[in-house]
Amino acid sequence: MNRIVTETMVRVENVHRSYGTGAAAVHALRGVSFEVSSGELVALKGRSGSGKTTLLNLVGGLDTADEGSISVDGRELSRVDESGLLELRRERIGFVFQSFGLIPILTAAENVGVPLRLRRAEPREREERVELLLSLVGLADHAAQRPGELSGGQQQRVAIARALANNPALLIADEPTGQLDAETGIAVMELLRAVVRSERVTALVATHDATLLGLADRVLELSDGEIVEH
């Protein structure tokens, strides 16, 4: 997939998303609009149920909006077919989840290398990229360990390295510190900020932890499916 140079990495315009019908319908998003510039780390805050995960799923091409438009890396998602969305997610977007999502039987290095295997990268390229990323997240000495042998913070660092494997333009992180203690959570957020700078990636990070928001370039707040402040 060829890179489209754009100053705005994410553009969300008047997006609505509901689940269910009639009186039982849940209006997860109500006319949400915002932009994220290339190279920004934007934190998305809000209480549980405010619509953060729904919004991240839409931006990541994992769900579709009922109304409005979403553009990522110069592509309007509603105009991209399923194979195109799959390619976009594989090559241009990296995902980090609260639950880490590592494969238990694989080592840290093998977990990081999964996206590279999926795109059939040459073994030497894969090995060099994995080594670089594990060094970037401070786990060069833990490459042969499996997730069960790592702390929660170390597992999340592996997950961040894996998300960066294919040089994504956009990193989407949904409550990446939700299962970590406060000190480890701050360390992970500081790592995210560092990789945004070093890898020149844009990041959209959902968090409910107010102590972490100061590490972002900008904060957006969601309440009842609406942006209430920028």
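The values are calculated or read from the model by the stated rules, or taken from the named source; none is laboratory data. Only a predicted model underlies this, so the values are computations on that prediction, with no experimental measurement involved. Neighbour counts are summed over all protein chains in view; Cβ atoms, including those assigned to glycine, are modelled from backbone coordinates with ideal geometry.
Taking the stated definitions as given, is E190 touching a strand residue (DSSP E or B) at 6+ places or on another chain (Cβ under 7 Å), charged (D, E, K, R) and within 24 Å of E221 (Cβ to Cβ)?
Here the answer is no, as E190 does not meet what is asked.
Picking from residues in the range 32-76 that are acidic (D, E) and in a loop (DSSP other than H, G, I, E, B), the one that is modelled with the lowest pLDDT is D73. Residues that are at pLDDT 90 or above, in contact with a strand residue (DSSP E or B) (Cβ under 8 Å, 6 or more places away or on another chain) and of a type outside the set (K, R): does the range 21-29 have at least one? Yes, there is a match, as at least one residue in the range 21-29 is at pLDDT 90 or above, in contact with a strand residue (DSSP E or B) (Cβ under 8 Å, 6 or more places away or on another chain) and of a type outside the set (K, R). The number of residues in the range 159-179 that are free of Cβ contacts under 8 Å to residues at least 40 places away in the same chain and in contact with a Lys or Arg (Cβ under 8 Å, 6 or more places away or on another chain) comes to 0. Once the range 194-216 is narrowed to residues that are surrounded by 15 or more Cβ atoms within 10 Å (Cβ to Cβ) and charged (D, E, K, R), the residue that is farthest from the chain's Cα centre (by Cα) is D209. The set of residues from the range 107-137 being touching a residue at least 24 places away in the same chain (Cβ under 8 Å), over 22 Å from I172 (Cβ atoms) and part of a loop (DSSP other than H, G, I, E, B) comprises just one member, T107. Listed residues R92, R126; which is more than 17 Å from the chain's Cα centre (by Cα) and at pLDDT below 95? Just a single option satisfies the conditions, and that option is R126. Please verify whether T177 is surrounded by 16 or more Cβ atoms within 10 Å (Cβ to Cβ), polar (S, T, N, Q) and in a helix (DSSP H, G or I), treating the condition exactly as stated. No: the conditions fail for T177. Which members of the range 88-106 meet the condition of being touching a residue at least 40 places away in the same chain (Cβ under 8 Å), closer than 28 Å to S18 by Cβ and not in a strand (DSSP E or B)? Selection gives L88, R92, Q98, S99, G101.
Filter the range 36-62 down to the residues that are over 20 Å from L192 (Cα atoms) and surrounded by fewer than 17 Cβ atoms within 10 Å (Cβ to Cβ), then identify the one that is nearest to the chain's Cα centre (by Cα). The selected residue is L62.
Looking for something within 28 Å of A194 (Cβ to Cβ) and touching a residue at least 60 places away in the same chain (Cβ under 8 Å) - is there at least one such residue anywhere in the range 14-27? No, every residue in the range 14-27 fails to be within 28 Å of A194 (Cβ to Cβ) and touching a residue at least 60 places away in the same chain (Cβ under 8 Å). Scanning the range 180-230 for residues that are free of Cβ contacts under 8 Å to residues at least 24 places away in the same chain and either hydroxyl-bearing (S, T, Y) or assigned to a strand (DSSP E or B) (or both) yields V228, E229. Of all the listed residues (S151, S71, S78, S135), the sole one being of a type in the set (S, T, Y), surrounded by fewer than 18 Cβ atoms within 10 Å (Cβ to Cβ) and under 22 Å from K52 (Cα atoms) is S78.
Each residue in the range 95-111 was checked for being hydrophobic (A, V, I, L, M, F, W, C), modelled with pLDDT of 90 or more and out of contact with any strand residue (DSSP E or B) (no Cβ under 6 Å at 6 or more places or on another chain), and 6 of them qualify.
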